[in-house]
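Novice: This is the structure I want to talk about, given as structure tokens.
The values are calculated or read from the model by the stated rules, or taken from the named source; none is laboratory data. Note that this is a predicted model, so its numbers are computed, not measured. Using ideal geometry, Cβ is built from the backbone for each residue, glycine included, and neighbour counts are taken over all protein chains shown. Protein only, heavy atoms only, side chains kept; ligands, DNA and RNA dropped before computing areas. Shrake-Rupley method; radii C 1.70, N 1.55, O 1.52, S 1.80 Å.
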Amino acid sequence: MSDFIEWGALGQVLVAGLIVGAGIPALFALGLRLLAGTTTEQAPAAPGAPAAGERPASAGAVSIGRPTPARLAGAIVCLGVVVGAVAFGLVFLVSGGH
Amino acid sequence: MDVVTETLLLALVVVTALAFDFTNGFHDTGNAMATSIATRALKPKTAVLLSAVLNLVGAFLSLAVAATIAKGIVDAGVVTLPVVLAGLVGGIVWNLITWLFGIPSSSSHALVGGMVGAVLAAVGTSGVLWTGVVSKVLVPALVAPLVAIAVAGAGTWLVARLTRGVPQEVSNRGFRWGQIGSASLVSLAHGTNDAQKSMGIILLALIAGGAVPADSGVPFWVILSCALAMAAGTYLGGWRVIRTLGKGLVEIDTRQGMAAETSSAAVILLSSHFGFSLSTTHVATGSVLGSGVGMPGAKVRWGVASRMFVAWLITLPAAGLVGALCHWMESAIGGAAGTIAVFVVLIASSAAIWLASRRKPVDHTNVNEAWDEEKGATVEAVAATTGEAGGERVAPVPAAATASSVGAAIESVGTVSVPAQGSVQS
């Protein structure tokens, strides 16, 4: 059976894929969230721990204020990592690593 | 005469390899662009144009061409030009058939299948390395969608959780760009990987035909023509496949689209980095499925998905059968006439499939129409998109109809039987 499946390579692909393939969209979402803020009341600052009680996004008037400097910095870090990962992917392609 | 035959064979192999490259681009547009089209992040025409340009650029990006065909799957010593021609025809015909049915299936598996069939016809089972077939074709076909489903599912779930409460239009705007970016990366990767397969085939054919020395690099005209053939195929757009991927499996929004394409790009690049090559098509399809699995409340049409899995498993034998038949015919007729006969068969079957597709055309105008299995009424369009023949084609509609009529029947039986019981008791 191990002749047919390279378990090591498969495991690496799965783990790295989960970190990169799921992590990048998550960072992107986080960056977007920090930039946009949530609906006006009780904007939860801590990501990953959203306030209980899901609010439909369209409910009520949505005001998108300027993000605070801290949020802005966080967003830039998140989106920067995303852009960096894309750039890394490009370099990988150009260098013929495929 | 012999020189004429050789030259003719070489020319036909080059043309057929370019034709395969064309169907490859055409068949795989959906891998990168289906989700962007489905979420309307890009207009259909814009999406295929972007994908075509990126495929073109990708073909020039890296020139580390592996001048091998089906390495480790068939015995390299038995791969002659007639075998290559028969194998290419097998790959093209299977690509076109799956396109007609709107099934995203792996172009490289079709090519490998065609080659395996042609080798079997040429020298028998000794020419095929079965361990290689299982470990490089069959197992990855099963593993790729699972990995992609896991990755895209996790990504989508995280994204859905993190964007909870973010105003819809803000998240749409942001994710639209993210989606276009990640889809572009998939297109680029596709151009880099797949155009080089055709380049490798043409280079090998040229070497075998003595047109270039054995240690030659890829001539520029080969690079250019392969890149152009793939870009043209991509621009033409395999709308049937795009429709299945974008609309058939999951109703997708921009967040899911971005997560799915990022997952595709990451898994494709990582798998080639770790030397566990997975098919772009299988990964992309798995990612779309995963974006449905990970999204709370989303519905995945597993019926459509399972038809695809079946198609993936029969890709190898089906393309192999075409390849084998072509090779038998080629050697039975023999010489230049045999080569020409195979080429004529290719043209005739391509034309027939194209004509069949015109009966229920899918193009950029109707690619985004609601998927019919939920609409129920438009039986014709089901045929156009899934291409199911006969009984299967109308299956979704009676299924929905019977579900409700059975319910009504049970109710009526219930109402009938209750008075009956009552009358017995009284």
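Novice: Which sequence of B:VAL293, B:VAL3, B:VAL79 reflects their accessible areas, 1.4 Å probe, from the largest down?
Specialist: If we order B:VAL293, B:VAL3, B:VAL79 from most to least accessible, we get B:VAL3, B:VAL293, B:VAL79.
Novice: Now for a different question. Taking 0.36 nm per intervening residue step and subtracting the Cα-Cα distance, what contour gain separates B:THR7 from B:SER331 on full extension?
Specialist: Result for the pair: 114.9 nm of gain on full extension.
Novice: By the scheme Lys and Arg +1, Asp and Glu -1, what is the net charge of all other residues having a beta-carbon under 15 Å from that of B:THR80?
Specialist: -4
Novice: Right, another one. Based on the Cβ-Cβ distance from B:LYS45 to B:GLU169, what FRET efficiency comes out when R0 is 41 Å, to the nearest 0.05?
Specialist: 0.95
Novice: Under the definition of Cα pairs under 8 Å and six or more residues apart, what whole-number percent is the relative contact order of the stretch B:2-359?
Specialist: Dividing the mean separation by the residue count of the stretch B:2-359 yields 36 percent.
Novice: Do you know the relative contact order of the stretch B:231-333, to the nearest whole percent, from alpha carbon pairs under 8 angstrom that are 6+ apart?
Specialist: Averaging sequence separation for qualifying contacts and normalising by length gives 30 percent for the stretch B:231-333.
Novice: Shifting gears a bit: Ignoring ligands, DNA and RNA, how much accessible area is buried between chains A and B, both sides summed, with a 1.4 Å probe, to the nearest 100 Å²?
Specialist: 3800
Novice: Let me ask something else about it. Using only protein heavy atoms and a 1.4 Å probe, report how much of A:CYS78 is accessible, in Å² to the nearest 10.
Specialist: 10
Novice: Kindly state, to the nearest 0.05, the FRET efficiency for A:ILE5 paired with B:TRP302, given R0 = 25 Å and r defined as their beta-carbon distance.
Specialist: 0.55
Novice: Follow-up question, since we're still on this one. So how exposed is B:ILE314, as accessible area in Å² (1.4 Å probe, rounded to 10)?
Specialist: 80
Novice: At 1.4 Å probe size, with every protein chain present, just tell me what the per residue accessible area of the stretch B:2-359 comes to in Å².
Specialist: Heavy-atom SASA per residue in the stretch B:2-359 reads 33 Å².
Novice: When Cβ neighbours within 10 Å are restricted to other protein chains, what is their mean count per residue of peptide B:289-297?
Specialist: 1
Novice: Checking the cross-link filter: which lysines have an alpha carbon closer than 27 Å to that of B:LYS45, excluding same-chain neighbours under 8 positions apart?
Specialist: Qualifying lysines at Cα under 27 Å: B:LYS197, B:LYS247, B:LYS360, B:LYS375.
Novice: How many nm separate the modelled label positions at B:LEU313 and B:ALA348, each set 7 Å beyond the Cα in the direction of the Cβ?
Specialist: 3.3
Novice: Using a 1.4 angstrom probe and counting only protein chains, how large is the accessible area of B:LYS71 in Å², to 10?
Specialist: Number for this one is 140 Å².
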